[in-house]
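Q: Mind having a look at this structure? Questions to follow.
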Amino acid sequence: MATLVRYNNIPTFFNPFYGRPVINRYQNTTPNVPAVNVKETETAFHLELAAPGLKKEDLKVNVANNMLTISYKSEEKSEETTGKFTRQEFGFASFERSFKLPKTVNADEIKAAYADGILTIELPKVEVKEEKAVKEIAIA
């Protein structure tokens with residue numbers, strides 16, 4: 001006995017549901033990395049990181065091996081108990097951004113401030129003495 005199979009070969013511009021990707025509403029496919037503005041002046045570099053709604057205590061700024069790392073980690077838990085059931089929910093959010101610092105940045109004088117949802121970091125510059133590439137040596 002033969003099986004009859006029906007299928008729709010109408011192009012997508014006729015049928016809006018044909019070829020539509022399946023979206024998992026429980027999985028966030030966009031990265032949680034905030035935008036960063038970098039400005040350079042004659043005396044310093046200025047970073048502005050958009051982080052609205054975050055707590056100042058959860059943000060961390062570290063400098064190690066000429067790498068500036070900005071990170072955030074937050075964990076939320078809630079529990080509701082009634083007579084016959086217990087409901088527990090938790091959430092976790094984090095991000096990390098790293099920037100390689102040029103040799104002209106004075107890592108000991110970096111300042112950071114968080115106000116109105118924007119983390120501002122000032123990276124002051126220091127003068128780097130350029131060594132002469134050619135050095136003449138006297139022959140004795």
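Q: Return the loop-located GluC sites (Glu not before Pro) in segment 56-131 (DSSP other than H, G, I, E, B) with at most 15 other Cβ atoms within 10 Å of their own Cβ; answer none if there are none.
A: Answer in residue order: E127, E130, E131.
Q: So what is the relative contact order of segment 36-124, in percent, for Cα pairs below 8 Å that sit 6 or more residues apart?
A: With pairs under 8 Å counted, the relative contact order is 33 percent.
Q: Also, I was wondering about something else. Please report, to one decimal in angstroms, the Kirkwood hydrodynamic radius of segment 36-124 built from all distinct Cα-Cα pairs.
A: In segment 36-124 this quantity evaluates to 15.1 Å.
Q: What do you get for chymotrypsin sites (Phe, Trp or Tyr not before Pro) in segment 76-115 restricted to DSSP loop and a cutoff of at most 12 other Cβ within 10 Å of the site's Cβ?
A: Those satisfying the criteria are F85.
Q: Next question, about the same structure. Over 19 Å between C-alpha atoms is what I'm after, so list which of K39/K60; K73/K103; K56/K111; K39/K111; K103/K125 land there.
A: K39/K60; K73/K103
Q: May I ask you to compute the full-extension gain from K103 to N62, defined as 0.36 nm times their residue separation minus their alpha-carbon distance, rounded to one decimal in nm?
A: Fully extending the segment from K103 to N62 adds 13.1 nm.
Q: If you don't mind, another one. When the chain is fully extended, how far beyond the present Cα-Cα distance does T69 get from N37, taking 0.36 nm per residue of separation?
A: On the way: separation 32, 0.36 × 32 = 11.52 nm, distance 1.48 nm.
Gain on stretching T69 to N37: 10.0 nm.
Q: Further, regarding this structure: Full-extension gain between T120 and F85, please, as 0.36 nm times their residue separation minus the C-alpha to C-alpha distance.
A: Gain in length upon complete extension: 8.0 nm.
Read the figures in this text as sums done on the coordinates, not as results from a lab. Nothing here was measured: the structure is a model prediction, and the numbers come from that model. Neighbour counts are summed over all protein chains in view; Cβ atoms, including those assigned to glycine, are modelled from backbone coordinates with ideal geometry.
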